[in-house]
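Novice: Let me give you the structure first, and then I'll get to my questions.
The values are calculated or read from the model by the stated rules, or taken from the named source; none is laboratory data. Since this is a predicted model, take the numbers as computed values, not measurements. Here the Cβ is made from the backbone with ideal geometry for all residues, glycine too, and neighbour counts use every protein chain on show. The protein model used for the area step is the full one, side chains on, heavy atoms only, and it has no ligands, DNA or RNA in it. Shrake-Rupley method; radii C 1.70, N 1.55, O 1.52, S 1.80 Å.
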Amino acid sequence: MTGFSGFPLAGLDFYEDLEADNSKAFWNAHKEVYESAVRGPMVALTAGLESEFGPAKIFRPYRDVRFSKDKVPYKTAQGAVVRAAEGVGWYVQIGAAGLFIGGGFYQGSPAQIAQLRATIADEVRGPELEAILAKLTKAGYTIDGEKLKTKPKGYEADHPRIDLLRHKSLRCGKEIGAPAWLDTPRTAKEVRAAWETMRPLIEWLAAVVSGSGALGASR
């Protein structure tokens, strides 16, 4: 993991202060801290993982406030995503609370969501997903995502996987916080190990939403 030496705790302090003073004046006065303690380490981390997972997108620190009533200009965490398919990928984030590692199906078209539900409903592919999620839960990951409040159209309320069928997005994640190794190279090993643990879910979701592993793709 050449070039990555950890996330300095100054980055967490930076975001804690930014939450209290989310202004252009504060940002300009502390931009060097952002570059050296947040963005720089994130670029190095994801570059070191690229050969195993793929290239990352480092999110911009600026919020898109064009259509928002909330005009706060800066995001209060730095995230990066490695896409495995449209709307599917691995995620890592650093903020005032420390490190967060996640992944899953974050967003998709109505057609992708319909295909996901059809595959979840299948009596072979659906239990595959249940088994993957059970392992992640046992390993300490939280399973979440945007859900319908009621059952989706075309499915019965007593379907054995009705809770999964309600999902419009499906994610897993773990709040790591700020352990003693956060500002050391060990962080890269922890992120790599977490992403590898998530790989069965990411690959299952990527195959489904891309169509290559969707129900009926090989029939």
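Novice: At a 1.4 Å probe, what is the % contribution of carbon and sulfur to the accessible area of the chain?
Specialist: About 53 percent, which is the carbon plus sulfur part of the accessible surface.
Novice: Can I ask one more? With everything on Cα atoms, drop me the angle between helix 24-34 and the longest principal axis of the chain, reported from 0 to 90° to the nearest 10.
Specialist: Relative to the chain, helix 24-34 is tipped by roughly 90 degrees.
Novice: Now for a different question. Roughly how many nanometres apart are two label points built 7 Å out from the Cα toward the Cβ at ALA139 and LYS69?
Specialist: Result for the modelled spin labels: 4.1 nm.
Novice: Figure the gain on full extension for LEU148 and VAL43 (residue separation times 0.36 nm, minus the Cα-Cα span) and round it to one decimal in nm.
Specialist: 34.2 nm
Novice: In addition: Compute the angle between helix 125-138 and the longest alpha-carbon principal axis of the chain, please, reported from 0 to 90 degrees and rounded to the nearest 10.
Specialist: 40
Novice: What's the percent breakdown of Cα-Cα distances in region 1-147 across 5 Å bins, shortest bin first?
Specialist: Result, from short to long distances: 2, 8, 14, 17, 17, 15, 11, 8, 5, 2, 1, 0 percent.
Novice: Can you pull out the chymotrypsin sites (Phe, Trp or Tyr not before Pro) in region 64-134 that DSSP calls coil and that have at most 15 other Cβ atoms within 10 Å?
Specialist: Sparse-neighbourhood loop chymotrypsin sites (Phe, Trp or Tyr not before Pro): PHE67.
Novice: Find the accessible area per residue for the chain; the probe is 1.4 Å, ligands and nucleic acids are left out, and the unit is Å².
Specialist: That works out to 52 Å² per residue.
Novice: Between SER36 and GLU175, what is the FRET efficiency for a Förster distance of 30 Å, r being their Cβ-Cβ separation, to the nearest 0.05? Write down the numbers at each step before the final one.
Specialist: Working: r = 24 Å, r/R0 = 0.82.
About 0.75, to the nearest 0.05.
Novice: Using C-alpha positions alone, give me the convex hull volume of region 102-190 per residue in cubic angstrom.
Specialist: 116
Novice: State which stretch of the chain is the longest one without any exposed GluC sites (Glu not before Pro), exposure meaning a DSSP loop state and at most 16 other Cβ atoms within 10 Å.
Specialist: On the way: sites that count: GLU86, GLU123, GLU146, GLU156.
That would be 1-85.
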